[in-house]
Amino acid sequence: MVQMAVVEGVLERITYANEESGYTVARVDTGRGGGDLLTVVGSLLGAQPGESLRLEGRWGSHPQYGRQFTVENYTTVLPATVQGIRRYLGSGLIKGIGPRIADRITEHFGTDTLDVIESDPGRLVEVPGLGPKRTKLIGAAWEEQKAIKEVMVFLQGVGVSTSIAVRIYKKYGDASISVTRNRPYRLAADVWGIGFLTADRIAQAVGIPHDSPERVKAGLQYALSQSTDQGHCYLPEERLIADAVKLLQVDTGLVIDCLAELAAPEGPEGEEGGQEPGVVRESVPGPEDGQPVTAVYLVPFHRAELSLAGQVKRLLGADGDRLAAFRDVDWERALTWLAGRTGAQLAPEQREAVRLALTSKVAVLTGGPGCGKSFTVRSVVELARAKGAKVVLAAPTGRAAKRLSELTGADASTVHRLLELKPGGDAAYDKDRPLDADLVVVDEASMLDLLLANKLVKAVPPGAHLLLVGDVDQLPSVGAGEVLRDLLAPGSPVPAVRLTRIFRQAQQSGVVTNAHRINSGVPPLTHGMTDFFLFAEEDTEEAGRLTVDVAARRIPAKFGLDPRRDVQVLAPMHRGPAGAGTLNGLLQQAITPARPDLPEKRFGGRVFRVGDKVTQVRNNYEKGQNGVFNGTVGVVTGLDVVEQRLTVRTDEDEEVGYDFDELDELAHAYAVTIHRSQGSEYPAVVIPVTTGAWMMLQRNLLYTAVTRAKRLVVLVGSRRALGQAVRTVSAGRRCTALDHRLAR
């Protein structure tokens, strides 16, 4: 056994730090003279250059780097020399102090600097160039980092990463240590970035037993929460129990008992205990064969499903009619007037859709590309406006809302902005304060998940009309549910029109023709097209490299398109050599390479630079005017190393700031998974289709990717993989009972 040793020294610089795991490689000056620095490796959570450290650990040797010290624990001692203090303050430790201001402060206060910041920060105004506002911020940042340091030292002992430690502190403040020690499973519910597995590791470290009922209940709720991430609104009870036994490695009997407690009418402890509400069990028809199953729901999803079905029926059965003028309109005359206005005649099925939207209080319009959905929507809006109706237009994403606005010549917003969602997710508009609208039109409705659809439908006033427009053959929403499909299911009370006729002009487009071929199970045509190409490459790694070359160089050169703004790589999956993760790194090198004059910030395994194309990966109701949502895309426009802040301009033209410790909410978006591309349109898309993504290759996935392109599609990869994608109809429905509730 290697003996534990103690080393004291000043942290000179951090060579490498993984924000996720906390693993750090650093150089420490132990005062031996001669400029020799010791290499130290291990978890140095929160340590800053300039700090004096007392390190406990073991000596070892690295074949390449020689003698080094592996840290197990450390404590910090504040630096005592002016030089140490200057380095310490200038290291980016405190928001608002960069190297220049650190020089000024230490020049003024010398070795008393840290005492002044600690006990009399108001005196910082004595320093030239520091006003009261900045000094107040510095004082507050100092207090916060001191408290975080204490929490970090505790969390380091239970294996928590830097970024998560900061987030735990932001959530619980001074109670961080107590919550982590006594109620670790709360972390999984309360803190973004901590799943059950991390909370479970912490629980083990603080001594919570493997078979504790608290652990089993948290595991059950985690298994349900994971299933909602995969799109299910509930899980059949047997499947949930099997998943939980596998996850928790405990007896089936214990899982059954804990599930019964979670589902008990009185539920677990109320809010004061801080425990999440329990679960709901209910018998519903199963997703595959309609045979009854015992469904287990997390409470919010059960409430939303009941509520959405009830609200749709409420709208359909409302007494008043805000578009009553269309009940006895002369349709021939109205449609002739419309043709004069738009310069084109409606096809018979489009006429039916227009009449339905204006005479039925809830209606669905579906159909593939080139079938005239957009023109039909424009016609509905023109007629409604001609009668003086208040028309409200919305879509789930910023890009889709922009497109809807261009199409109709009227303002359109995202659903989130329309409802004015507040921190915590509550909407300013709901049943008690409905929208001021006679007609609400929502485009890209295949993207509406259960929770958002429920919020939206609640806000439609009785007597108003709701028209949902979308392509039901695309992938379902990223969030739980299959709302559009359920509204179109047999037995649904909601009337619908499906447009099937492809217009002549659209027939000349290879993108439209091939989208319909794929959707009907026929391979796309890849020869003799001017807007649809296949670059055949069997090797997955080569296909990844070729995808980057096509997107970053070949398309811009041949078609004059901007590789950042106009070209989007859509990958079937995130992992692998042709997955979105790897491709993002390669595309960033090609499109936004490192430059000496370009500031950058490393976070985890990623580097952020000004000009990077990024996407938000979680719903955050606290950011921006009305929250920033999973899938929002933008470009990094600013990166301030002193303020430790990065700025993104979103595709809704909103400037949104991110502190450096929030960067795991952002991912690069040069390449995105096809699931994340829903609701967006791009001039050109490049799609790697490789055998490496075999399990993901399904018809609706490829169809969704192809229909994202306005002008050009380039497939890169294997003909065999392409054939697999066209042949494979998506296996298995999502577990939802909305169709059953609507049909009752």
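The values are calculated or read from the model by the stated rules, or taken from the named source; none is laboratory data. Only a predicted model underlies this, so the values are computations on that prediction, with no experimental measurement involved. No Cβ is skipped: glycine too gets one built from the backbone with ideal geometry, and neighbour counts run over all protein chains shown. Side chains included, ligands, DNA and RNA excluded: accessible areas come from the protein's heavy atoms. Shrake-Rupley method; radii C 1.70, N 1.55, O 1.52, S 1.80 Å.
Here is how the numbers come out for the structure above:
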item	result
Members of the range 659-677 that are out of contact with any Lys or Arg (no Cβ under 6 Å at 6 or more places or on another chain), crowded, with 24+ Cβ neighbours inside 10 Å and not in a strand (DSSP E or B)	I674
Subset of the range 580-606 that is in a strand (DSSP E or B), open to solvent by 10 Å² or more (accessible area, probe 1.4 Å) and out of contact with any Gly (no Cβ under 9 Å at 6 or more places or on another chain) - its residue that is farthest from T24 (Cα to Cα)	E600
Residue among T707, T691 that is β-branched (V, I, T), closer than 25 Å to G585 by Cα and either touching a residue at least 40 places away in the same chain (Cβ under 8 Å) or surrounded by fewer than 21 Cβ atoms within 10 Å (Cβ to Cβ) (or both)	T691
Any hit, the range 346-353, residues being open to solvent by 10 Å² or more (accessible area, probe 1.4 Å), within 33 Å of the chain's Cα centre (by Cα) and hydrophobic (A, V, I, L, M, F, W, C)	no
Residue within the range 155-169 that is surrounded by 14 or more Cβ atoms within 10 Å (Cβ to Cβ) and either touching a His at 6+ places or on another chain (Cβ under 9 Å) or among the acidic types (D, E) (or both) present	no
Number of positions in the range 498-515 that are crowded, with 20+ Cβ neighbours inside 10 Å, under 17 Å from F375 (Cβ atoms) and modelled with pLDDT of 90 or more	2
Top-ranked residue of the range 163-207 - restricted to ones that are closer than 14 Å to V250 by Cβ and at pLDDT below 90, ranked as nearest to the chain's Cα centre (by Cα)	F196
Residue in the range 204-215 that is among the basic types (K, R) and open to solvent by 30 Å² or more (accessible area, probe 1.4 Å) present	no
Some residue of the range 535-547 being among the hydrophobic types (A, V, I, L, M, F, W, C) and in a strand (DSSP E or B)	yes
Filtered residues of the range 262-306 (kept if part of a loop (DSSP other than H, G, I, E, B), modelled with pLDDT of 55 or more and acidic (D, E))	E266, E288, D289
Residue list for the range 216-256, filter: touching a helix residue (DSSP H, G or I) at 6+ places or on another chain (Cβ under 7 Å), surrounded by fewer than 16 Cβ atoms within 10 Å (Cβ to Cβ) and either touching a residue at least 24 places away in the same chain (Cβ under 8 Å) or not hydroxyl-bearing (S, T, Y) (or both)	I256
Selection count where residues are farther than 29 Å from R606 by Cα and modelled with pLDDT of 80 or more, scope the range 3-28	6
Matching helices (runs of 4 or more DSSP H) fully within the range 363-422 where at least 2 residues are open to solvent by 30 Å² or more (accessible area, probe 1.4 Å)	373-386, 398-408
Residue identified as over 18 Å from Q48 (Cα atoms), out of contact with any His (no Cβ under 7 Å at 6 or more places or on another chain) and hydrophobic (A, V, I, L, M, F, W, C) among L114, L89, L130	L130
Single residue of V617, V648 found to be touching a residue at least 12 places away in the same chain (Cβ under 8 Å), open to solvent by less than 50 Å² (accessible area, probe 1.4 Å), within 11 Å of the chain's Cα centre (by Cα) and within 28 Å of Y169 (Cα to Cα)	V617
Single condition L124 does not satisfy, out of (1) without any contact (Cβ under 8 Å) to a residue 60 or more places away in the chain; (2) over 21 Å from A147 (Cβ atoms)	(2)
Of all residues in the range 554-570 being without any contact (Cβ under 8 Å) to a residue 40 or more places away in the chain and closer than 17 Å to A669 by Cα, the one that is most open to solvent (accessible area, probe 1.4 Å)	R565
Any hit, the range 385-394, residues being modelled with pLDDT of 90 or more and touching an Asp or Glu at 6+ places or on another chain (Cβ under 6 Å)	yes
Residue satisfying condition, being assigned to a loop (DSSP other than H, G, I, E, B), under 22 Å from L315 (Cα atoms) and in contact with an Asp or Glu (Cβ under 7 Å, 6 or more places away or on another chain), within set G463, G479	G463
Count - residues of the range 324-345 that are open to solvent by less than 40 Å² (accessible area, probe 1.4 Å) and part of a helix (DSSP H, G or I)	7
Only one of A737, A721, A743 that is over 22 Å from the mean Cα position of the chain (by Cα) and without any contact (Cβ under 8 Å) to a residue 60 or more places away in the chain	A721
Residue list for the range 620-645, filter: among the charged types (D, E, K, R) and either assigned to a strand (DSSP E or B) or open to solvent by 40 Å² or more (accessible area, probe 1.4 Å) (or both)	E622, D640, E643, R645
Yes/no for T530 being hydroxyl-bearing (S, T, Y), in a loop (DSSP other than H, G, I, E, B) and open to solvent by 10 Å² or more (accessible area, probe 1.4 Å)	yes
The range 99-121, residues that are open to solvent by 50 Å² or more (accessible area, probe 1.4 Å) and within 20 Å of E144 (Cβ to Cβ)	D115, E118, S119, D120
Close pairs from the range 297-317: first over 20 Å from L488 (Cβ atoms) and open to solvent by 10 Å² or more (accessible area, probe 1.4 Å), partner assigned to a strand (DSSP E or B) and hydroxyl-bearing (S, T, Y), Cβ under 9 Å, at least 6 apart	R303/Y297
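Yes/no matrix, rows are residues, columns are (1) in contact with a helix residue (DSSP H, G or I) (Cβ under 7 Å, 6 or more places away or on another chain); (2) within 18 Å of T582 (Cα to Cα); (3) not aliphatic (A, V, I, L, M):
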residue	(1), (2), (3)
V511	yes, no, no
A515	yes, no, no
N519	yes, no, yes
T526	no, no, yes
M529	yes, no, no
F533	no, no, yes
A543	no, yes, no
V548	yes, yes, no
A551	yes, yes, no
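Per-residue answers, yes or no, for (1) within 30 Å of V296 (Cβ to Cβ); (2) at pLDDT below 90; (3) in contact with a helix residue (DSSP H, G or I) (Cβ under 7 Å, 6 or more places away or on another chain):
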position: L639; (1), (2), (3): no, no, no
position: E643; (1), (2), (3): no, yes, no
position: E654; (1), (2), (3): no, yes, no
position: L663; (1), (2), (3): no, yes, no
position: P683; (1), (2), (3): no, no, no
position: V706; (1), (2), (3): no, no, yes
position: L742; (1), (2), (3): yes, no, yes
